[in-house]
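The values are calculated or read from the model by the stated rules, or taken from the named source; none is laboratory data. What you see is a predicted model; the values in this text were computed from it and never measured. Please note: Cβ atoms are built from the backbone with ideal geometry, for glycine as well, and neighbour counts cover all protein chains shown. What goes into the accessible areas is simple: the full protein's heavy atoms, side chains included, and nothing from ligands, DNA or RNA. Shrake-Rupley method; radii C 1.70, N 1.55, O 1.52, S 1.80 Å.
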Amino acid sequence: GSVVASYPYDDSPTHKPTGVYSKSADDEVFRYLAKAYASNHPIMKTGTPNCPGEEGETFQDGITNGAQWYDVEGGMQDYNYVWADCFEITLELSCCKYPPTSELEQEWENNRDSLLAFIEKV
């Protein structure tokens, strides 16, 4: 996990594991929606999630093009965009896949304003 808003494409023509910006026709819209979420999240907006084992990982403005982060061939985000005209972003909300119950209230607080901002934009 991480704390970042990722947008299409997740797959790239070269299938290099990482570092290839795979721009969609609606790149500006996807960046706008991802940034709307990230800029309202106290950790995501810093671009430095500081996840254990990935302390040096950074994301400018808390967002990333999926394939630039890591290539995913055949992912649902790309499939739904290409074949169903659905505009989806992927929200990585925590370094931990299953946060302890004691952290859930804080996770809600971290994401509430982001969710509302995202809903307003959509």
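Only one of the numbered conditions (1) assigned to a loop (DSSP other than H, G, I, E, B); (2) under 20 Å from Phe118 (Cβ atoms); (3) open to solvent by less than 10 Å² (accessible area, probe 1.4 Å) is not met by Val4, and that is (1).
Leu33 meets the conditions (1) more than 26 Å from Arg112 (Cα to Cα); (2) of a type outside the set (Ser, Thr, Tyr); (3) in a helix (DSSP H, G or I); (4) out of contact with any Asp or Glu (no Cβ under 7 Å at 6 or more places or on another chain) in every case but one. The failed one is (1). Restricting segment 39-78 to residues that are in contact (Cβ under 8 Å) with a residue 60 or more places away in the chain and of a type in the set (D, E, K, R), the residue that is least open to solvent (accessible area, probe 1.4 Å) is Asp78. The residues of segment 87-106 that are of a type outside the set (Lys, Arg) and within 16 Å of the chain's Cα centre (by Cα), listed by number, are Phe87, Glu88, Ile89, Thr90, Leu91, Glu92, Leu93, Ser94, Cys95, Cys96. Which one is surrounded by the fewest Cβ atoms within 10 Å (Cβ to Cβ) among residues in segment 79-103 that are within 17 Å of Met44 (Cβ to Cβ) and without any contact (Cβ under 8 Å) to a residue 60 or more places away in the chain? So the residue we want is Glu103.
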